Amino acid sequence: MNVRAQMLTGLAAVTVAGCIPVQIQAPDRPIEINLNVNIRQEVIVRLEHDAEDLLQQNQDLF
Amino acid sequence: MTRARTIDLLTPMLIGAFLLAAALAMPAHAQAADAVVAQARAAGQVGEQADGYLGYPNGAQASADVRSHVDQINIRRRALYTSRAQQRNVSVNEMAAAVACEIFQGRIAVGERYRDEGGQWRQRTGSQQVSMPSFCPS
């Protein structure tokens, strides 16, 4: 029983270990940083209206 | 006689409608800027930062009262940024940065201090424009 559980755990570990590298491989570091910079500026342009709205609606805070 | 009665009825109705409209319009204008913080900003003890929050310039002597007001404002700003960020599916920092762009564009008076994107405190002088963070739309 105990041995079987250990074997299953081992098998699960191997399976997980076998899977993870494939998923991690996708985002390459330099590319991710570049994407973040682009997305960020785009997002802020998109939020311009919301930002104006927040200032108008909460004049006690700004 | 009929006419007079109509007017009698109409006047209170008009007054009622006016009061209702005034009451509805109130919330948008009722809030005024915090006087304690406004004074501290003018005195250079408190300033706007590029991260969308208020901060204390180097060497500034802000009183405990000022600090408690500033803390309250920052907590409430954060709550605002958080809820709007969730609605728009963006990060809280991005929402805060977008607001900072608006603040830097038009809400820093001449003589006030502000903290730029690089973390450096500056003062807006008469001839100088506020230096805008690089993430702001031009």
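Readers should treat all values here as calculations from the given coordinates under stated rules, not as data from a laboratory. The structure displayed is predicted, hence computed values, not measured ones. Here the Cβ positions follow ideal geometry from the backbone for every residue, glycine too, while neighbour counts run over all protein chains shown.
Miscellaneous remarks
- In the range B:33-138, the alpha-carbon atoms span a convex hull of 97 Å³ per residue.
- The orientation-averaged shadow of the Cα convex hull for the range B:47-86, equal to a quarter of the hull surface, comes to 2.9 nm².
- Pair B:Gln61, A:Gln6: separation of 7 Å Cα→Cβ label points (nm): 7.2
- Working ranking of peptides B:49-58, B:87-96 by packing, defined as the average number of other Cβ atoms within 10 Å per residue, highest first, is B:49-58, B:87-96.
- Taken as Cα centroids, the range B:107-132 and the range B:44-74 sit 15 Å apart, rounded to the nearest whole angstrom.
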